[in-house]
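**Student:** Sending over a structure as structure tokens; questions will come in a sec.
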Amino acid sequence: MSVFDDLFGKFKGGKRKVPSFNPQKDTDLESLLPRPPRRIDQRAARKLIAGKRVLITGAGGTIGSELVRQTAAFEPAHLALVDNSEFNLYLIDLEMREAGFDSIMYSTLTDVCRREHLDRTFKLVQPDIVLHAAAFKHVPIVEQNRCAGALTNVLGAKNVFDAAMEAKAESVVFVSTDKAVNPTSFMGATKRIAELYAQALDVAQNDTRFVTVRFGNVLGSTGSVAPLFTRQIAHGGPVTVTHPEISRYFMTTREAVQLVLQAASLDSAEKSVVTHDGRIFVLDMGEPVKILDLAKRMIEAYGLTPGVDIEIRFTGLRPGEKLFEEIFLDTDKLVKTGADGVLLASPAMIDLPLLNPRLCDVIEHALDGEQEALDEAVHHLVPEFQPTGANGEQARQNRPLTR
Ligand SMILES: NC(=O)c1ccc[n+]([C@@H]2O[C@H](COP(=O)([O-])OP(=O)(O)OC[C@H]3O[C@@H](n4cnc5c(N)ncnc54)[C@H](O)[C@@H]3O)[C@@H](O)[C@H]2O)c1
């Protein structure tokens, strides 16, 4: 019996047929997009991965677990799954072993913030390709836990990138977010710092390639609006939207993961874009979607009427939340790649010698739990970071920075 049965019975005397919309199915979520789903040609990705040793961090998460599934299908020699959540790791490990990948799998409960533990894993696995998806991503939670956010998103990323270089991996793909562009949240700023480090490393050496991939919001991912609205609809509403005008770029998990694998393979296959210049891949996601429209479409997808069966309530912007999100800056030069819908941006960079001491400041203050000093250090590295308070007001002036 579906959790919706009671609800539909309540509204329509039990006569209404329960619709088959399932927020966990990419195909159902695709119906909420204002564009046809992108089908990225995966031949280059297959060629890149077949026979290689691949290590995936955050392997138990939404993006990480789909990376595991799609990578496994391309016949890697070895697949190492890294996560510090026992339950998340257990679920994907079980799924993959049941799917017959037992002989190539290694699952390790490793915290990316613990360098010595990570080094042991890298020595053992000797990965050719590293896909880094472990992170904290929830804007309000990271806003309230800034030291923890900086540790996972900055120190964790640094540890993974450094360990990959020491293990002489061919390439590292860093999963980033459009919240890193002109960040208004601490979470977005920490992701931008990790991007800066990946970019600087890419330029500074020729052994390991570092590629960053930025997404918009992944429909159906843990903690995203689709599961939230589903839960609210199941409880009979209200469905909460922070602002009537708020909009986001959306993609499905399948599209996001295809983009990650495509970025890795374009980078090694297409000589025209293979310069060590720290560029960032983005997906052309079409037009942004108003969250209010998405809420209405989801209510309708369940066979109910917005405002009649289910109330939509506006709750006000949360600290760090933007009305609109950009996927790149107007000043970023965008270049088409050989793959349809995949674009390359060239955001600003900071050279490694200048970046390293500032990065160390961020990490030290986060380790010491010095929140004010941490805020200063983050602003110093990401001067475009303009935090917003509740209801989107500017909470603090931008700090000047000489790069
Ligand atoms: N979901 C989205 O809408 C979305 C959109 C754009 C970008 N992204 C980015 O993709 C990445 C992954 O997002 P997701 O939706 O899969 O998140 P998720 O929370 O589902 O998965 C993250 C995984 O990382 C693991 N993890 C967290 N800290 C760790 C640590 N210290 N050591 C090891 N593992 C750790 C978690 O246990 C979890 O399994 C994030 O960087 C996020 O910013 C996500």
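The values are calculated or read from the model by the stated rules, or taken from the named source; none is laboratory data. Keep in mind that what you see is a predicted model, and the values were worked out from it rather than measured. As a convention, Cβ positions derive from the backbone with ideal geometry for all residues, glycine included, and neighbour counts pool all protein chains shown.
**Student:** Mind counting the residues in the range 156-179 that are free of Cβ contacts under 8 Å to residues at least 60 places away in the same chain and surrounded by fewer than 22 Cβ atoms within 10 Å (Cβ to Cβ)?
**Tutor:** Matching residues across the range 156-179 total 5.
**Student:** Here's a follow-up. Can you pull out every residue in the range 97-118 that is under 23 Å from Ala45 (Cβ atoms) and surrounded by 15 or more Cβ atoms within 10 Å (Cβ to Cβ)?
**Tutor:** Scanning the range 97-118 gives Phe101, Ile104, Met105, Tyr106, Ser107.
**Student:** Regarding Pro238, is this residue surrounded by fewer than 18 Cβ atoms within 10 Å (Cβ to Cβ), more than 15 Å from the ligand (Cβ to nearest atom) and not charged (D, E, K, R)?
**Tutor:** The answer is yes for Pro238.
**Student:** If you check Thr230, Thr212, Thr184, Thr190, which single one turns out to be within 16 Å of the ligand (Cβ to nearest atom) and either among the charged types (D, E, K, R) or in a loop (DSSP other than H, G, I, E, B) (or both)?
**Tutor:** Details: Thr230 fails: either among the charged types (D, E, K, R) or in a loop (DSSP other than H, G, I, E, B) (or both); Thr212 fails: either among the charged types (D, E, K, R) or in a loop (DSSP other than H, G, I, E, B) (or both); Thr190 fails: either among the charged types (D, E, K, R) or in a loop (DSSP other than H, G, I, E, B) (or both).
Only one candidate qualifies: Thr184.
**Student:** What residue, of Val362, Val335, Val289, Val342, is in contact (Cβ under 8 Å) with a residue 60 or more places away in the chain, touching a helix residue (DSSP H, G or I) at 6+ places or on another chain (Cβ under 7 Å) and over 23 Å from Ala157 (Cα atoms)?
**Tutor:** After ruling out the rest, the residue left standing is Val342.
**Student:** Report, by residue number, each residue of the range 45-68 that is assigned to a helix (DSSP H, G or I), surrounded by 24 or more Cβ atoms within 10 Å (Cβ to Cβ) and near the ligand (Cβ under 7 Å from one of its atoms).
**Tutor:** Ile63, Gly64
**Student:** Okay, next question. Does the range 160-181 contain at least one residue that is among the polar types (S, T, N, Q), modelled with pLDDT of 95 or more and more than 15 Å from Gly278 (Cβ to Cβ)?
**Tutor:** No - not one qualifying residue is present in the range 160-181.
**Student:** What are the residues in the range 283-315 that are part of a loop (DSSP other than H, G, I, E, B) and within 25 Å of Phe215 (Cα to Cα), if any?
**Tutor:** If the condition is that a residue be part of a loop (DSSP other than H, G, I, E, B) and within 25 Å of Phe215 (Cα to Cα), then Asp284, Met285, Gly286, Glu287, Pro288 are the ones that fit.
**Student:** Now, a different point. Just need a number here: residues in the range 119-147 that are assigned to a helix (DSSP H, G or I), surrounded by fewer than 24 Cβ atoms within 10 Å (Cβ to Cβ) and either near the ligand (Cβ under 10 Å from one of its atoms) or among the aliphatic types (A, V, I, L, M) (or both).
**Tutor:** 4
**Student:** Name the single residue that is farthest from the ligand (Cβ to nearest atom) among those in the range 148-181 being in a helix (DSSP H, G or I) and either among the polar types (S, T, N, Q) or on the phi > 0 side of the Ramachandran plot (or both).
**Tutor:** Only one residue fits best here, namely Asn159.
**Student:** Consider Ala164 carefully, then state whether it is touching a Ser or Thr at 6+ places or on another chain (Cβ under 7 Å) and of a type outside the set (D, E, K, R).
**Tutor:** Values: touching a Ser or Thr at 6+ places or on another chain (Cβ under 7 Å): yes; of a type outside the set (D, E, K, R): yes.
For Ala164, the condition - touching a Ser or Thr at 6+ places or on another chain (Cβ under 7 Å) and of a type outside the set (D, E, K, R) - is met.
**Student:** Looking only at residues in the range 217-227 that are over 16 Å from Asp28 (Cβ atoms) and surrounded by fewer than 21 Cβ atoms within 10 Å (Cβ to Cβ), which one is farthest from the ligand (Cβ to nearest atom)?
**Tutor:** In this case the residue turns out to be Gly223.
**Student:** Scan (1) crowded, with 23+ Cβ neighbours inside 10 Å; (2) over 17 Å from the mean Cα position of the chain (by Cα); (3) among the polar types (S, T, N, Q) for the single condition Asn153 breaks and write down its number.
**Tutor:** Asn153 satisfies all of (1) crowded, with 23+ Cβ neighbours inside 10 Å; (2) over 17 Å from the mean Cα position of the chain (by Cα); (3) among the polar types (S, T, N, Q) except (2).
**Student:** Here's something else I'd like to know. Quick check: is even one residue across the range 258-277 within 16 Å of the ligand (Cβ to nearest atom), surrounded by fewer than 22 Cβ atoms within 10 Å (Cβ to Cβ) and under 12 Å from the mean Cα position of the chain (by Cα)? Break it down stepwise before answering.
**Tutor:** Residues of the range 258-277 that are within 16 Å of the ligand (Cβ to nearest atom), as a first pass: 258-264.
Then keep just the ones that are surrounded by fewer than 22 Cβ atoms within 10 Å (Cβ to Cβ); that gives none.
Among the residues of the range 258-277, not one is within 16 Å of the ligand (Cβ to nearest atom), surrounded by fewer than 22 Cβ atoms within 10 Å (Cβ to Cβ) and under 12 Å from the mean Cα position of the chain (by Cα), which makes the answer no.
**Student:** Please state which of the following conditions Ala377 fails to meet, knowing it meets all the rest: (1) within 28 Å of Gln205 (Cα to Cα); (2) among the small types (Gly, Ala, Ser); (3) in contact (Cβ under 8 Å) with a residue 40 or more places away in the chain.
**Tutor:** Of the numbered conditions (1) within 28 Å of Gln205 (Cα to Cα); (2) among the small types (Gly, Ala, Ser); (3) in contact (Cβ under 8 Å) with a residue 40 or more places away in the chain, the odd one out for Ala377 is (3).
**Student:** If you go through the range 196-210 one residue at a time, do you hit one that is surrounded by fewer than 23 Cβ atoms within 10 Å (Cβ to Cβ) and basic (Lys, Arg)?
**Tutor:** Yes, the range 196-210 has at least one match.
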